Amino acid sequence: MLCKHCGLPLEEAQECRDYKSCPHCSQNCEEHIFYPKIMFGWTGKRVTSNNPTGIQSWCTRCRGNDNGPYADGIKCSDM
């Protein structure tokens, strides 16, 4: 599924300055939903050449089995 604003795949996280989109929240909203990167967490297990910082894919709330998007998310069209 593609973002109704930018046309990029919703299942692929996007980064914009200090914000990152959560693929799970984005797919639920049909538009990329961005949160501050601090909302994702980091782990050495996710470090790769494509992800050198090891940032998690989904926001911490979605990884905890909640279903976003959440009120503090910023839509792609508002970034």
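The values are calculated or read from the model by the stated rules, or taken from the named source; none is laboratory data. These figures come from a predicted structure and were not determined experimentally. With ideal geometry, Cβ positions are generated from the backbone for all residues, glycine too; neighbour counts draw on all protein chains shown. Only protein heavy atoms, including side chains, enter the accessible area calculation; ligands, DNA and RNA are left aside. Shrake-Rupley method; radii C 1.70, N 1.55, O 1.52, S 1.80 Å.
Applying the condition of being under 19 Å from CYS3 (Cβ atoms) and touching a Lys or Arg at 6+ places or on another chain (Cβ under 7 Å) to the stretch 38-68 and asking which residue is modelled with the highest pLDDT yields PHE40.
Report, by residue number, each residue of the stretch 3-18 that is out of contact with any helix residue (DSSP H, G or I) (no Cβ under 6 Å at 6 or more places or on another chain), open to solvent by less than 70 Å² (accessible area, probe 1.4 Å) and in contact (Cβ under 8 Å) with a residue 24 or more places away in the chain. Once the filter is applied, which keeps residues that are out of contact with any helix residue (DSSP H, G or I) (no Cβ under 6 Å at 6 or more places or on another chain), open to solvent by less than 70 Å² (accessible area, probe 1.4 Å) and in contact (Cβ under 8 Å) with a residue 24 or more places away in the chain, the stretch 3-18 yields GLN14, CYS16. Looking only at the stretch 19-37, residues that are within 18 Å of ASP78 (Cα to Cα) and either assigned to a helix (DSSP H, G or I) or open to solvent by 30 Å² or more (accessible area, probe 1.4 Å) (or both) come to 10 in all.
Being over 27 Å from ASP78 (Cα atoms) and in a helix (DSSP H, G or I) is the filter here; which residues of the stretch 38-60 pass it?
Of the stretch 38-60, the ones over 27 Å from ASP78 (Cα atoms) are 43-49, 52.
If the condition is that a residue be over 27 Å from ASP78 (Cα atoms) and in a helix (DSSP H, G or I), then GLY44, LYS45, ARG46 are the ones that fit.
Every test in (1) in contact with a Phe, Trp or Tyr (Cβ under 8 Å, 6 or more places away or on another chain); (2) open to solvent by less than 40 Å² (accessible area, probe 1.4 Å); (3) not in a helix (DSSP H, G or I) is passed by ASP72 save one, and that test is (2).
Residues that are touching a strand residue (DSSP E or B) at 6+ places or on another chain (Cβ under 8 Å), open to solvent by less than 50 Å² (accessible area, probe 1.4 Å) and more than 16 Å from ASP18 (Cβ to Cβ) within the stretch 38-69 comprise GLY54, GLY68, listed in sequence order.
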